[in-house]
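Before any comments, here is the structure.
The values are calculated or read from the model by the stated rules, or taken from the named source; none is laboratory data. Predicted model, so just to flag it, every value in this text is computed and none were measured. Cβ placement follows ideal geometry from the backbone for every residue including glycine, while neighbour counts extend to all protein chains displayed.
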Amino acid sequence: MRRAAGQVETARERIGLPLGLPVRQCHGSRMATISIAHAGGARYVVTLEEGGRSTTHEVDVWPSDVERYAPGASPEALLRASFAFLLQREPKESILRRFELPVIERYFPEYPRVIGTMVAEEH
């Protein structure tokens, strides 16, 4: 990406991640919209909509997860950034339908290193 003289590269650009939502998937040219609803307790329902089709995912986010990955953020902000992270790496149909948030780092070891920056840049 070309930048005007004096324009500073963001941390997100340095690690190759999107600047905002909706998220452009690397697996297609469409934009995905991320919607989040609190279902009670630690459970959240995340809906990804793209091209008239949607997927729904149930994710458990515990306060300890928020403290570990994005201290001071809301669970919703962490989830939004986490799904943006996932959509950069796989199509929405490949994302697990139900999981606990820390499962992401089993599949993508770089997740703990980059997610805090992604959450901070969304604000």
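Annotations for the structure displayed:
- For the range 59-73, the set of residues classified as surrounded by 14 or more Cβ atoms within 10 Å (Cβ to Cβ) and not β-branched (Val, Ile, Thr) consists of ASP60, TRP62, ASP65, ARG68, TYR69, ALA70, ALA73, listed by residue number.
- Checked against the criterion of being of a type outside the set (A, V, I, L, M), farther than 22 Å from ALA120 by Cα, over 11 Å from the mean Cα position of the chain (by Cα) and modelled with pLDDT of 95 or more, the candidates ARG97, ARG30, ARG2 yield just one match: ARG97.
- Qualifying residue in the range 52-64 (condition: outside any helix (DSSP H, G or I), small (Gly, Ala, Ser) and modelled with pLDDT under 95): yes
- When VAL119, VAL114, VAL103 are checked against the criterion of being in a helix (DSSP H, G or I) and surrounded by fewer than 16 Cβ atoms within 10 Å (Cβ to Cβ), VAL103 stands alone in meeting it.
- Here LEU87 fulfils each of the conditions (1) touching a His at 6+ places or on another chain (Cβ under 9 Å); (2) modelled with pLDDT under 95 apart from (2).
- The residue list LEU78, LEU96 contains one member that is out of contact with any Lys or Arg (no Cβ under 9 Å at 6 or more places or on another chain), in contact (Cβ under 8 Å) with a residue 24 or more places away in the chain and farther than 20 Å from GLU50 by Cα, which is LEU78.
- Residue in the range 57-64 that is touching a strand residue (DSSP E or B) at 6+ places or on another chain (Cβ under 8 Å) and among the acidic types (Asp, Glu) present: yes
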